């Protein structure tokens, strides 16, 4: 049996990681990336964008570890399939998929972001906005930049899917009669 303290800690880490990863992805997509257009110099736009994302990469990495670690710990203990109702098992499998897609999109974004920053000294790649190449953006950098747009969308979609699945799974668990939850917990 897992202590409540450990279960609460891993759940909190999971939820915090998801919040900081999804929040950062949405902020970048809808606020920072478009906002760099106010900078007149297109290479300076690239430098600012790459500097900002590279600074956030550590937070994203820690967040992804927390998401995967928190859910992985739950799947080995209280969220094992044999401890879940049929509905919960389906939701847990959906959550497994969203965790994996969030991890893959996040890791790929970090790799592509690092690759883009290396396309020019100090990350000063000419860009129109955070994920839109300028006319003068070299083709390899433009391709990387467009892939970051796709990966950003995937990160947001998988993160939102994870939040929704989390909410439904939590509500389903809370809706189970307390006696049944207690019995299931004692039998593990």
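The values are calculated or read from the model by the stated rules, or taken from the named source; none is laboratory data. If you're wondering where the values come from, they're calculated on a predicted model, not measured in any experiment. As a convention, Cβ positions derive from the backbone with ideal geometry for all residues, glycine included, and neighbour counts pool all protein chains shown.
Looking only at residues of the range 36-55 that are free of Cβ contacts under 8 Å to residues at least 40 places away in the same chain and loosely packed, with under 15 Cβ neighbours inside 10 Å, we find that the one that is nearest to residue 109 (Cα to Cα) is 55.
For the range 1-35, a residue qualifies if it is crowded, with 17+ Cβ neighbours inside 10 Å and more than 23 Å from residue 98 (Cβ to Cβ), and the qualifying residues are 32, 33.
One residue is enough: does the range 122-135 have a residue meeting the conditions over 17 Å from residue 32 (Cα atoms), touching a helix residue (DSSP H, G or I) at 6+ places or on another chain (Cβ under 9 Å) and in a helix (DSSP H, G or I)? Yes, the range 122-135 contains at least one residue that is over 17 Å from residue 32 (Cα atoms), touching a helix residue (DSSP H, G or I) at 6+ places or on another chain (Cβ under 9 Å) and in a helix (DSSP H, G or I).
Being buried (at least 16 other Cβ atoms within 10 Å of the Cβ) and under 17 Å from residue 155 (Cβ atoms) is the requirement here; does residue 113 meet it? Spelling it out, residue 113 is indeed buried (at least 16 other Cβ atoms within 10 Å of the Cβ) and under 17 Å from residue 155 (Cβ atoms).
Take residue 149 and decide whether it is closer than 18 Å to residue 64 by Cα, touching a helix residue (DSSP H, G or I) at 6+ places or on another chain (Cβ under 9 Å) and modelled with pLDDT of 90 or more. So residue 149 does not fit the description; no. Being in contact (Cβ under 8 Å) with a residue 60 or more places away in the chain, surrounded by 15 or more Cβ atoms within 10 Å (Cβ to Cβ) and touching a strand residue (DSSP E or B) at 6+ places or on another chain (Cβ under 6 Å) is the requirement here; does residue 106 meet it? Answer is no for this residue. Of all residues in the range 130-145, those that are without any contact (Cβ under 8 Å) to a residue 40 or more places away in the chain have Cβ atoms under 9 Å from Cβ atoms of residues that are exposed (fewer than 13 other Cβ atoms within 10 Å of the Cβ), 6 or more apart or on another chain, in 133/139. Only one of the listed residues (73, 79) is closer than 30 Å to residue 175 by Cβ, at pLDDT below 95, assigned to a helix (DSSP H, G or I) and over 15 Å from the mean Cα position of the chain (by Cα). That residue is 73.
Quick one: in the range 119-149, which of the residues that are within 21 Å of the chain's Cα centre (by Cα) and crowded, with 19+ Cβ neighbours inside 10 Å is nearest to residue 48 (Cα to Cα)? Among those that are within 21 Å of the chain's Cα centre (by Cα) and crowded, with 19+ Cβ neighbours inside 10 Å, it is 130. If you go through the range 34-49 and keep only what is within 15 Å of residue 142 (Cα to Cα) and touching a helix residue (DSSP H, G or I) at 6+ places or on another chain (Cβ under 7 Å), you end up with 45, 46, 47, 49.
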